[in-house]
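For reference, the structure is listed below as structure tokens.
Every number here is computed from the coordinates shown, using simple stated rules; none is lab data. Computed from a predicted model, the values in this text were never measured in an experiment. Please note: Cβ atoms are built from the backbone with ideal geometry, for glycine as well, and neighbour counts cover all protein chains shown.
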Amino acid sequence: MKTQTAFQLPFELWGGIECTVNRVADQFFDQITRTGHDARPDDLERFARLGLTALRYPVLWERVAPNGLQNANWAWTDQRLERLRDLGIQPIVGLVHHGSGPRHTNLLDSAFAPELARYARAVAERYSWVNYYTPINEPLTTARFSALYGHWYPHEKTARTFLQALLTQCRAVVLAMRAIREVNPTAQLVQTDDLGKTHSTPTLSYQAHHENVRRWITFDLLCGRVDEKHPMRGYMLSVGIDPAEIDWFRDNPCPPDVIGINYYLTSERFLDQRTELYPNVPVGGNGKHNYIDIEAVRVRAEGIDGLDVLLREVWDRYNIPIAITEVHNGCTREEQLRWFHEIWQTAKDLRHDGVDLRAVTAWSLLGTYDWDSLVTQDN
């Protein structure tokens, strides 16, 4: 029997660098600088030796055009994308990665979406050979951190601002892909988000149900599925979202060509109102109950559902090709390898069972910085 090589695998090996440029008050935290990749172009040769077929790579709005398109500096991305092309690695270009755009805008600004679309068009015109785009990484997660929990700019903490930030980002994805496809009709949308899952005590089952409905909202909006019967619609209207903003997505669907699932050991959560059992864990709440939101893997006796279960849920719901777009475990080298191997085997099993799973992504190739503080501190 012929030995299988890296280029004959049933799915591809992708890679990615942690490229978050988020804002806290007036400070921008740039992972590309912190990892040293900003000044180290020969990283790309190292990546190529891993046998990657594609690389999630930043052409970030905040970095290229912080002072407007007329003052854009393309030198860094020109060099890097051309080198990836020479190496035979397909870039999956990211335009916003946990960011809120240049200093003059934010996720609650009505101009954010059309301005990102103009930037997206400029990127597509300059790099017309690029076929894969992630205009905005993890819209749901970014909206939660920026406009529900208040960690990132614009530091809001209400349900309405959270949903407005989410809708702004999803609209920006639609408009950006429309602009890109006017230049390159074959361009594909690789839309990422963290697909967590929430477990709870019986008392908090109602909150877990809400969060488990909410986890689909990025993809449901882009697929034009949020109609009058959608379980999130009533909640969105109840906090003051204009129904026309929701209905816009039904009239302007932009389903992903590939659904990118980012999954971590900590992605599955457990909610517990017995706060006294967790003396060193911050207490949250929803106005009805105070509770602990903690990693399910640490406390749930039944364990976590795991990526196998969650990806089958994605496939059954959308029947759209899937890629595992972030595989990372911040721990020892040996545990990192075990985690990656577990995900790789899961992908093989899913492919065998008929799930159209396209790739597993080694993320992040250069590590991450200050995520233990959710990138709110410069340590």
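Mind ordering 284-293, 262-271 by average Cβ neighbours within 10 Å, highest first? Before the final figure, lay out each step's value.
Working: 284-293: 14.4, 262-271: 20.3.
The peptides rank, most packed first, as 262-271, 284-293.
How many percent of DSSP beta bridges within the chain run antiparallel, rounded to 5?
20 percent
Assuming a ≥ b ≥ c are the square roots of the Cα gyration tensor eigenvalues, decide whether region 201-296 counts as rounded (a/c under 1.5), prolate (otherwise, with a/b larger than b/c) or oblate.
Since a/c reaches 1.5 but b/c is at least a/b, the shape of region 201-296 is classed as oblate.
Could you please rank Glu12, Glu334, Glu62, Glu18, placing first whichever residue has the fewest other Cβ atoms within 10 Å of its Cβ?
Least to most surrounded, the residues fall as Glu334, Glu12, Glu62, Glu18.
So what's the net charge close to Leu271: Lys and Arg +1, Asp and Glu -1, counting the other residues with Cβ under 10 Å from its Cβ?
With Lys, Arg at +1 and Asp, Glu at -1, the net is -2.
So what is the calculated 222 nm ellipticity per residue for the chain, using -39500 (n - 2.57) for each DSSP H run with n of 4 or more, over all residues, to the nearest 500 deg cm²/dmol?
The helix contribution divided over the chain gives -11500 deg cm²/dmol.
Whole angstrom only: what separates the Cα centroid of region 179-236 from the Cα centroid of region 29-100?
So the two Cα centres are separated by 28 Å.
Take the Cβ-Cβ distance between Thr275 and Arg312 as r, set R0 to 35 Å, and report the resulting FRET efficiency rounded to the nearest 0.05. Display every interim value, and only then the final one.
Working: r = 34 Å, r/R0 = 0.96.
With R0 = 35 Å, the Cβ-Cβ based efficiency is 0.55.
Counting only C-alpha contacts under 8 Å and six or more residues apart, can you give the relative contact order of the chain as a whole percent?
Relative contact order, the chain: 17 percent.
Using a 10 Å cut-off on Cβ atoms, rank the peptides 325-332, 236-243, 75-82 from the highest mean neighbour count down.
Ranked from most to least packed, the peptides come out as 325-332, 75-82, 236-243.
What's the lysine pair count for the chain at a Cα cut-off below 23 Å, pairs eight or more apart or interchain?
Qualifying lysine pairs in the chain: 6.
Please rank Lys157, Lys197, fewest neighbouring Cβ atoms within 10 Å first, as an exposure proxy.
So the residues, fewest neighbours to most, are Lys157, Lys197.
Based on the Kirkwood radius over alpha-carbon pairs, what is the Stokes-Einstein translational diffusion coefficient of region 1-154 at 4 °C with 1.567 mPa s viscosity, in µm²/s?
For these conditions, the coefficient is 78 µm²/s.
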